[in-house]
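Right, one structure below, let's go through it.
The values are calculated or read from the model by the stated rules, or taken from the named source; none is laboratory data. The structure displayed is predicted, hence computed values, not measured ones. Reconstructed Cβ throughout: ideal geometry from the backbone, glycine too, with neighbour counts over all protein chains shown.
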């Protein structure tokens with residue numbers, strides 16, 4: 001059954017904690033093509049939760065993630081865009097995707113992609129992350145479905161000085177997103 005996912009294309013909007021970890025999980029299961037988009041470069045502060053390494057500090061996230069994906073699975077085709085996404089370029093960049101993964105840090109960006117995909121690309125599935133800050137409370141993390149929109153997280157844990165984004169909860173949500181993408185794809189076959 002998993003051999004059928006080799007011809008699927010997944011878009012990853014943001015290559016930080018959620019996006020980098022979700023992309024690696026999808027590469028491990030054999031997704032055929034990943035379209036990764038981020039405008040940022042790796043900073044030392046990213047290493048506590050993002051799938052990057054010390055020697056990659058300063059590199060564009062899309063370049064480092066493409067390399068890391070190739071180390072996991074050379075058969076995954078990676079198309080990368082080092083740009084900031086907006087409501088105008090999202091439909092163009094992700095038009096050929098079977099599923100889009102929202103992996104932004106900022107709530108305003110999350111809202112923008114959700115609104116754009118729902119209004120401009122209503123046939124697309126979107127898997128979003130919300131509420132993964134801090135630690136503990138494992139049983140509060142879940143997936144909620146709203147038609148073709150899926151939200152993974154606890155929907156309440158906002159990032160703050162007292163609740164930073166840390167690898168355990170961010171990784172759980174990123175892997176839930178990858179699992180939800182796989183579930184969508186298998187149910188479409």
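Give the number of residues within the range 150-178 that are within 19 Å of residue 112 (Cβ to Cβ) and either in a strand (DSSP E or B) or at pLDDT below 95 (or both).
Total meeting the criteria: 7.
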Q: Check the range 146-157 and report whether any residue there is touching a residue at least 60 places away in the same chain (Cβ under 8 Å) and farther than 24 Å from residue 28 by Cα.
A: no
Restricting the range 180-189 to residues that are modelled with pLDDT of 95 or more and touching a helix residue (DSSP H, G or I) at 6+ places or on another chain (Cβ under 8 Å), the one nearest to residue 115 (Cα to Cα) turns out to be 181
Being at pLDDT below 95, outside any loop (DSSP other than H, G, I, E, B) and out of contact with any strand residue (DSSP E or B) (no Cβ under 9 Å at 6 or more places or on another chain) narrows 24, 5 down to just 5
Counting only strands (runs of 3 or more DSSP E) wholly inside the range 52-149, the ones holding at least 3 residues that are surrounded by fewer than 12 Cβ atoms within 10 Å (Cβ to Cβ) and within 14 Å of the chain's Cα centre (by Cα) are none
Looking at the structure I just gave you, is residue 36 farther than 16 Å from residue 167 by Cα, modelled with pLDDT under 95 and not in a loop (DSSP other than H, G, I, E, B)?
no
